[in-house]
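All remarks here apply to the structure that follows.
The values are calculated or read from the model by the stated rules, or taken from the named source; none is laboratory data. The model shown is predicted, which means the values in this text are computed figures rather than measured ones. Here Cβ is always computed from backbone atoms with ideal geometry, including for glycine, and neighbour counts include all displayed protein chains. These accessible areas exclude ligands, DNA and RNA; they are computed on the full protein's heavy atoms, side chains included. Shrake-Rupley method; radii C 1.70, N 1.55, O 1.52, S 1.80 Å.
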Amino acid sequence: MKEKIIQKSADLFLNLGFKSVTMDDIANDLGISKKTIYQHFENKTKLVEATTMSVFKEISDGIDCICDLNKNPIEEVFEIKKFVMLHLKDEKSSPQYQLQKYYPKIFTNLKNRQFSKMLNCVTGNLKRGVEQNLYRDSIDIEFVSRLYFNGMLMLKDQEIFPQESFSIPRLMDNYFEYHLRGICSPKGLEILTDIHNN
């Protein structure tokens with residue numbers, strides 16, 4: 001039951017937002033009493049925390065699986081983007097923004113975990129890209145990986161990119177294009193062009 005509650009909460013929070021979804025909404029959607037939820041989570045904050053960590057773990061495990069496939073680094077970037085977008089439901093409700101505003105401690109904890117995970121993943125991708133002559137060998141890997149992470153966070157900043165003017169899929173497409181064109185070698189750019197054409 002605890003897992004069912006987390007799964008349903010994740011679905012509702014990602015689609016409708018952390019602020020607007022109540023414990024009543026979750027109970028009604030699951031066809032259980034609110035009391036049943038409180039048997040597993042003492043309050044909404046604990047439920048939000050369990051849900052965000054569960055989604056983070058699911059996405060991290062999925063990214064690990066994609067990295068284990070040993071695709072070429074450019075294809076890997078696109079596979080990860082596709083996977084994350086699918087799992088975050090295109091972030092219709094800007095959950096990261098709401099998490100930061102209403103649950104700052106949970107947001108900070110999540111951000112630190114995301115940073116550690118993404119830094120590892122992006123650094124590996126960049127090193128392999130350079131080794132395979134798909135990325136320029138002059139790039140500063142530590143700088144690019146940190147810039148990449150902070151750029152991803154910035155895309156979710158409602159003041160910089162208001163949701164009514166910028167959809168998450170459009171932002172992600174533009175950001176990946178910007179990132180890859182900045183680091184690709186001529187050989188990498190050929191692969192990038194092929195991916196776009198297909």
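Annotations for the structure displayed:
- Scanning the stretch 139-159 for residues that are part of a loop (DSSP other than H, G, I, E, B) and either modelled with pLDDT of 95 or more or touching a helix residue (DSSP H, G or I) at 6+ places or on another chain (Cβ under 6 Å) (or both) yields ILE139, ASP140, LYS156, GLN158.
- Residue in the stretch 79-88 that is open to solvent by 70 Å² or more (accessible area, probe 1.4 Å), at pLDDT below 90 and not in a helix (DSSP H, G or I) present: no
- Residue under evaluation ASP64, criteria (1) under 30 Å from ARG136 (Cα atoms); (2) surrounded by 13 or more Cβ atoms within 10 Å (Cβ to Cβ), criterion not met: (2)
- Within the stretch 103-124, considering residues that are modelled with pLDDT under 95 and aromatic (Phe, Trp, Tyr), the one nearest to PHE18 (Cα to Cα): PHE107
- Identity of the residue in the stretch 67-77, of a type in the set (A, V, I, L, M) and in contact with a helix residue (DSSP H, G or I) (Cβ under 7 Å, 6 or more places away or on another chain), that ends up surrounded by the most Cβ atoms within 10 Å (Cβ to Cβ): ILE74
- Residue count for the stretch 19-51, restricted to those that are open to solvent by less than 10 Å² (accessible area, probe 1.4 Å) and touching a Phe, Trp or Tyr at 6+ places or on another chain (Cβ under 7 Å): 4
- When residues of the stretch 164-198 are limited to those that are of a type in the set (Asp, Glu) and over 26 Å from PHE143 (Cβ atoms), the one surrounded by the fewest Cβ atoms within 10 Å (Cβ to Cβ): GLU164
- Residue count for the stretch 161-190, restricted to those that are of a type in the set (A, V, I, L, M, F, W, C) and not in a helix (DSSP H, G or I): 3
- Residues located in the stretch 92-138, provided they are crowded, with 18+ Cβ neighbours inside 10 Å, on the phi < 0 side of the Ramachandran plot and part of a loop (DSSP other than H, G, I, E, B): SER93, TYR103, LEU134
Quick grid of which residues meet (1) in contact (Cβ under 8 Å) with a residue 40 or more places away in the chain; (2) closer than 16 Å to TYR102 by Cα; (3) touching a strand residue (DSSP E or B) at 6+ places or on another chain (Cβ under 8 Å):
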{"position": "MET1", "(1), (2), (3)": "no, no, no"}
{"position": "GLY17", "(1), (2), (3)": "yes, yes, no"}
{"position": "VAL21", "(1), (2), (3)": "no, yes, no"}
{"position": "ASP24", "(1), (2), (3)": "no, no, no"}
{"position": "LEU30", "(1), (2), (3)": "no, no, no"}
{"position": "PHE41", "(1), (2), (3)": "no, no, no"}
{"position": "THR45", "(1), (2), (3)": "yes, yes, no"}
{"position": "MET53", "(1), (2), (3)": "yes, no, no"}
